[in-house]
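A short worksheet on the structure shown next.
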Amino acid sequence: MDIQKFKKELIAYSTEIGIDKIGFTTAAPFTKLKSRLIKQQELGYQSGFEEPDIDKRVTPAMLLEGAQSIISIALAYPAKMNDRVESKKGDRRGIFSRASWGLDYHHILRERLNKLEKFIFSKLPEAKLKSMVDTGELSDRAVAERAGIGWSGKNCSIITSEFGSYVYLGEIITNIPFEPDLPIEDQCGSCTKCIDACPTGALIQGGQINANRCISFLTQTKELIPDEFRDKIGNRVYGCDSCQTACPVNKGVNFHLHEEMEADPEVAKPLLKPILKLSNREFKKRFGSVSGAWRGKKPIQRNAIIALAHFKDESAVPDLIDILKNEPSSVTRGTAAWALGKIGGEAALRALKKAKELEKDIDVQKEIEKGLNFYNN
């Protein structure tokens, strides 16, 4: 087979099935990435969501026997909602990050990758392929950078010249020896707007992030949010876009190319108080189709409580008192105690004083004290 001709056919087909950008690179080890990952590990900057075996993350041949190439794809997602809903007093809203609008991107990219695989097998039945999206061993960004999809920005995102950094990434490792594309030259220059905009200082320097300080990571954890980050989270119930919205390349970028990525505003920017009362079944029905639901209901409820405290929403006090009295989760209960103190008022104070007498969990006791301390300042 004429591999170069097949590559052109594959590129043409990728456009037909709704892939916005495709690139090719070799399956050679990502040697520079390995040294960076080792450094990240030594510094304790990893999130814990990554593949623990660094060698697997940088060595495609460990993932597919006979690997020779990697096909990288990118799909652009919207930066603005077509239909907007407003947050107002008494009906405050949270926000999911843009990457969690619409249908879970894992499903979208896997569907496109599956079509690519079928196309390849129809031409080369003996081909070997291994696809992955986000949760695979390889770094999607490292693959995309080397395949010429975009450059690796200082915000640790792939930035494309066409769609900015608002793109989902996926890849296929294969034994087909495609000619590699050329990487794109870094175009960030001396700009540090993303670093300056990071609410928590998670971007240590261009291209290096301390995941444990990143709001996107923090909103996905299941523990109590450290005190220093609670006010920084604001009304974010999942993820964070600050480093993307600050990027000059993203100014004016807003592509609506895929219907399944369109945001339902009542999901992407949900009312906060109803989240507090959702059962697991109700949560799954309402939010289960979006990527931000992958950690389940409890982190989203905790984040909603922090958001209500951010707004000092007095109308949420009865719900928060009910959580403080009856919620089994110590994390949710403790966050509610802190939020009651943050919001203030006599009803909140009475509830905190009563909870102080009854609460047995040490961590929740500490949160009750934090809530009471708001009244002393």
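Just so it is clear, none of the values below were taken in a lab; they were calculated from the coordinates. Since the structure is predicted, the reported quantities are computational estimates derived from the model, not experimental observations. No Cβ is skipped: glycine too gets one built from the backbone with ideal geometry, and neighbour counts run over all protein chains shown.
Listed by chain and number, the aspartates and glutamates whose C-alpha is less than 16 Å from the C-alpha of K39, apart from same-chain residues fewer than 8 away, are E50, E51, D53, D55.
A convex hull fitted around the alpha carbon atoms of region 288-373 yields 90 Å³ per residue. Considering only Cα atoms, the convex hull volume of region 57-180 works out to 132 Å³ per residue.
Only helices enter this figure: runs of n ≥ 4 DSSP H residues, each worth -39500 (n - 2.57), summed and divided by the residues of the chain, yield -12000 deg cm²/dmol at 222 nm to the nearest 500.
Sorting K284, K269 on the 10 Å Cβ count, fewest up front, what's the list?
Going from least to most buried by this count: K284, K269.
Would you mind checking the tilt of helix 317-326 against the longest principal axis of the Cα atoms of the chain, expressed as 0 to 90 degrees and rounded to 10? Long axis of 317-326 versus the principal axis of the chain: about 90 degrees. Of all the options A202, A79, A127, the one that moves most in a Gaussian network model of the chain with Cα springs shorter than 10 angstrom is A127.
Given +1 at the Cβ of Lys and Arg, -1 at the Cβ of Asp and Glu and no other charges, the dipole of region 54-118 around its Cα centre is 400 debye to the nearest 20. Evaluated at q = 0.13, 0.17, 0.19 Å⁻¹, a Debye calculation over the C-alpha positions of region 181-302 (equal weights, vacuum) places log10 I(q)/I(0) at -0.67, -1.03, -1.17. Debye calculation, C-alpha points only, no solvent: report log10 I(q)/I(0) for region 1-132 at q = 0.10, 0.11, 0.12, 0.13 Å⁻¹, in the same order as the q values. Taking Cα atoms of region 1-132 as identical point scatterers yields -0.51, -0.60, -0.69, -0.78.
Sorted fewest first by neighbouring Cβ atoms within 10 angstrom, E367, E282 come out as E282, E367.
Could you pull out the GluC sites (Glu not before Pro) across region 1-94 that fall in loop regions by DSSP (anything but H, G, I, E, B) with no more than 10 other Cβ atoms inside 10 Å?
Sites meeting the loop and neighbour criteria: E65, E86.
Each of N235, Q220, I54 was placed along the dipole of the chain (beta-carbon charges, centred on the mean Cα), and the one lying farthest toward the positive end is N235. Rounded to the nearest 20 debye, the dipole size of region 241-377 about its Cα centre is 380 debye, using +1 on the Cβ of Lys and Arg and -1 on the Cβ of Asp and Glu. Among V253, L352, W294, which residue has its Cα positioned farthest towards the positive end of the charge dipole of the chain, with +1 placed on the Cβ of Lys and Arg, -1 on the Cβ of Asp and Glu, and the dipole taken about the Cα centre? Positive-end residue among those listed: L352. Going through (1) 20; (2) 24; (3) 32, the figure that equals percent of Cα pairs over 35 Å apart as computed for the structure here is (3). Rounded to the nearest Hz, the phi-derived 3J(HN,Hα) couplings of region 275-292 under the Karplus curve 6.51 cos²θ - 1.76 cosθ + 1.60 (θ = phi - 60°) are 4, 5, 9, 5, 7, 4, 5, 5, 4, 5, 5, 7, 10, x, 7, 9, 5, x, where x marks glycine and proline.
Pairs spanning more than 30 Å between alpha-carbon atoms, out of K297/K356; K284/K325; K128/K285: K128/K285.
Relative to the longest principal axis of the Cα atoms of the chain, helix 297-311 runs at roughly 60 degrees. Here the residues M1, M62, M81, M132, ranked from fewest to most Cβ neighbours within 10 Å of their Cβ, fall in the order M1, M62, M81, M132. Between the residues I120, C191, A316, the greatest Cα displacement towards the positive end of the dipole of the chain, with unit charges on the Cβ of Lys, Arg, Asp and Glu, is found for A316. Put simply, when 296-306, 331-341, 229-239 are sorted by average Cβ atoms within 10 angstrom per residue, most first, you get 331-341, 296-306, 229-239.
Angle between the Cα long axis of helix 105-123 and the longest principal axis of the chain, 0 to 90 degrees, nearest 10? On a 0 to 90 degree scale, this one is about 20. Site pair E42 and I11 shows an inter-label distance of 4.1 nm when each label is modelled 7 Å from Cα along Cα→Cβ. Restriction of the GluC sites (Glu not before Pro) in region 161-205 to DSSP coil positions whose beta-carbon has at most 14 other beta-carbons within 10 angstrom yields E162, E185. Of the peptides 2-8, 271-277, the order by per-residue mean of other Cβ atoms within 10 Å, starting with the highest, comes out as 271-277, 2-8. Evaluated with a Cβ-only charge set (Lys, Arg +1; Asp, Glu -1), the chain carries a dipole of roughly 920 debye about its Cα centre, given to the nearest 20.
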